[in-house]
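In what follows, a single structure is set out as structure tokens and then discussed.
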Amino acid sequence: MSIARVIGRSAAAAVLVSGLTAASVGHAQESSNQGGGESNSAQPAKQQLQQLQQRVRKLQQEVQKLQKQALENNPKLGEQRDELRALMESKMEAEGVDAKADQKRMQEIRKKMQSGDVSKAEQKEMAKELRSKRNAMMKARRSAMQDDEVKKARKQLRSDLQAAMKKEDPEAEQKIDEYRQAAKKLRKQARQAAAQRGGAQKRGQGGGEKAGKSGASGNQGGDN
């Protein structure tokens, strides 16, 4: 998780799409990939989810391309973005989180875990530290996003960035709205898919328990 993603996918992206970024796509990707052992009836829903993922990715790329063009052609927007990022980091630091230092430590942990040169016990401890730092950063970020000063800066940057993007492409506003709606729908479908899987697993476990009890009763009858 890069610092840009923690603060909001380069700040400008978070401002523009209100947090509906690649994280949404990634979460849905996990949901569809965890669908092993599904019934045939669940396959169409999985295919729809995958198709929606592809659509969201395509729209996301279009929006990000427009953002990049707008930022390159308007240096002041880049300054606004950097100021917002610095403000966010300051607010997060007030919550006891040093975003840059924690990000560096998280990268070190990941690199060491991927090296394979650690014991299972060490991996367990490092994974625990990684979760702890990630949770602390996300909590501090959510708190910072509620700060009035941050809200004002985000609103201004969003307005200026959208205006600049509209100059790059008259249909920019429509593309942004389409991306937001598609990402929102993707998250909803991913949650529904996860809930359905959870229900199916519980039903399967319940059936196994009943079968076990039935078998035990039969054995007891045979003993008598």
Practice task
Sort SER143, SER132, SER119 so that the residue with the fewest other Cβ atoms within 10 Å of its own Cβ comes first and the one with the most comes last.
Solution key: SER119, SER132, SER143
Exercise for the section: Pop a pseudo-label 7 angstrom from the Cα along the beta-carbon direction at both LYS112 and ASP147 and give the gap in nm to one decimal. Expected result: 3.0
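Read the figures in this text as sums done on the coordinates, not as results from a lab. Because the structure is a prediction, the values reported are computed rather than measured. Glycine gets a Cβ as well: all are built from the backbone with ideal geometry, and neighbour counts include every protein chain shown.
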